[in-house]
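Chemist: Have a look at this one.
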Number of protein chains: 2
Amino acid sequence: MQGHPAIIVGYVDAPARSAVAAEQVRGAAHSGVLVSAVRGVQLHTLREVQDLRGFLCAAEFDLDLPFVPKRCFWVYAVPNQQIRGEHAHRQCAQFLVAVKGQLRVVTDDGTQREEFWLDRPNLGLYLPPMTWGIQYGYSEDAVLMVLASDPYDPQDYIRQYDEFLSLTRPQEAA
Amino acid sequence: MQGHPAIIVGYVDAPARSAVAAEQVRGAAHSGVLVSAVRGVQLHTLREVQDLRGFLCAAEFDLDLPFVPKRCFWVYAVPNQQIRGEHAHRQCAQFLVAVKGQLRVVTDDGTQREEFWLDRPNLGLYLPPMTWGIQYGYSEDAVLMVLASDPYDPQDYIRQYDEFLSLTRPQEAA
């Protein structure tokens with residue numbers, strides 16, 4: 001681990017900088033981008049429009065996202081004790097929004113690790129390629145919407161953390 | 001109204017073909033497209049993947065949608081008695097998914113009218129340009145996600161039904 005800030009081993013109960021980032025955004029402007037300590041990860045606060053008929057939150061792909069998505073998926077009815085993710089993508093970037101309910105997302109670049117609490121429908125978490133991601137602690141009503149930069153490709157997944165580390169720390173693998 | 005099938009006047013309590021379309025899809029394959037009587041409107045049943053860790057539903061923009069979206073928005077915390085929509089778009093096409101909860105959508109091409117009940121997160125309703133749309137009956141927990149073909153443009157809205165009719169029935173306007 002020499003030369004690298006420690007990463008916290010043990011995914012779920014890692015204290016990390018739990019929810020600190022989200023708190024920082026709350027204290028900031030109504031919209032904006034918070035840069036994470038994890039390489040490339042960004043927490044976006046999106047515009048939210050409220051009137052008597054409810055709330056609306058929007059993302060213009062060319063303006064509001066770090067990439068133009070080619071795919072969208074939504075995850076729901078996740079039992080609270082379940083953990084999802086636990087992989088990285090070689091090429092695909094993702095933008096995660098808990099459009100309903102809340103969940104926690106651990107992000108990890110192989111060196112730094114940071115946890116985010118997605119608990120408002122106008123928070124969007126950008127995960128660049130080669131980010132290890134874990135989602136857990138889904139509330140019963142949670143719906144996670146993900147905008148993805150690429151079509152689905154099983155070859156794009158890195159599912160072994162050791163392999164992920166060897167790719168993100170080539171100098172140690174040598 | 002001569003020469004046109006009757007449209008049902010009075011938006012919300014119109015019996016229309018309420019929820020019939022959705023029932024038809026339920027009885028059909030696990031995925032597929034139902035063509036509405038309303039010009040161009042389609043009810044899509046999207047692929048849904050279930051495992052022990054919950055459900056996932058996906059849309060590949062090039063494959064699963066009638067257009068490539070440039071914008072996404074989500075609507076939430078809509079009081080049940082409220083009505084949203086009540087407009088048409090000149091150019092923008094939309095794909096509506098109730099990713100949580102349920103709501104009703106009235107679609108109208110100026111001649112035909114049909115109502116859909118979006119009550120499952122794998123149902124997607126395609127509204128082509130020049131479709132008058134009304135959403136109502138949001139359940140308390142409902143989240144409506146909309147994929148849109150164009151960036152937001154207030155000039156694209158037609159908010160007066162009379163104007164919409166004059167544009168969709170030019171022969172009567174003459």
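Read-outs throughout are calculated quantities, based only on the coordinates presented, and are distinct from any laboratory measurement. Small disclaimer: the values here were computed from a predicted structure and weren't measured. No Cβ is skipped: glycine too gets one built from the backbone with ideal geometry, and neighbour counts run over all protein chains shown.
Chemist: Every other copy gets compared here: list the nm distances from the B:N80 label point (7 Å along Cα to Cβ) to its counterparts, shortest first, one decimal.
Modeler: Between copies, matching label points for B:N80 lie 2.5 nm apart.
Chemist: Tell me which B residue has its C-beta closest to the axis rotating B onto A, and the distance in Å?
Modeler: So the closest residue, with its distance, comes out as B:K100, 2.
Chemist: Where the centroid of each part is defined by its Cα atoms, how far is region B:39-69 from region B:81-152 in Å?
Modeler: A separation of 15 Å, based on Cα centres.
Chemist: Could I ask something else about it? Filter the GluC sites (Glu not before Pro) in region A:91-174 to those in DSSP coil with at most 16 other Cβ atoms within 10 Å of their Cβ, and list the result.
Modeler: Details: sites: A:E114, A:E115, A:E140, A:E163, A:E172; in loops: A:E140.
Qualifying residues, ordered by number: A:E140.
Chemist: All other residues with a Cβ under 10 Å from the Cβ of B:D62 taken together, and with Lys, Arg as +1 and Asp, Glu as -1, what is their net charge?
Modeler: Net local charge, B:D62 excluded: 0.
Chemist: Additional query: Under the rule a/c < 1.5 gives rounded, and otherwise a/b versus b/c splits prolate from oblate, where does region A:63-147 land using the Cα gyration tensor?
Modeler: The shape class here is oblate.
Chemist: Can you list which of the trypsin sites (Lys or Arg not before Pro) found in region A:97-161 are DSSP loop residues with at most 12 other C-beta atoms within 10 Å?
Modeler: A:R159
Chemist: In nm, what does the list of distances from A:F55 to its counterparts in the other copies look like, shortest first, when each label sits 7 Å along Cα to Cβ?
Modeler: 2.3
Chemist: Positive end of the charge dipole of region B:135-174 (Lys, Arg +1 and Asp, Glu -1 on Cβ, about the Cα centre): tell me which of B:S149, B:L165, B:Q135 has its Cα farthest that way.
Modeler: Going by the Cα projections, it comes out as B:L165.
Chemist: Moving on to the next point. Would you mind listing the distances between the B:P129 label point and the same position in each other copy? Use 7 Å along Cα-to-C-beta, nm, one decimal, shortest first.
Modeler: 3.5
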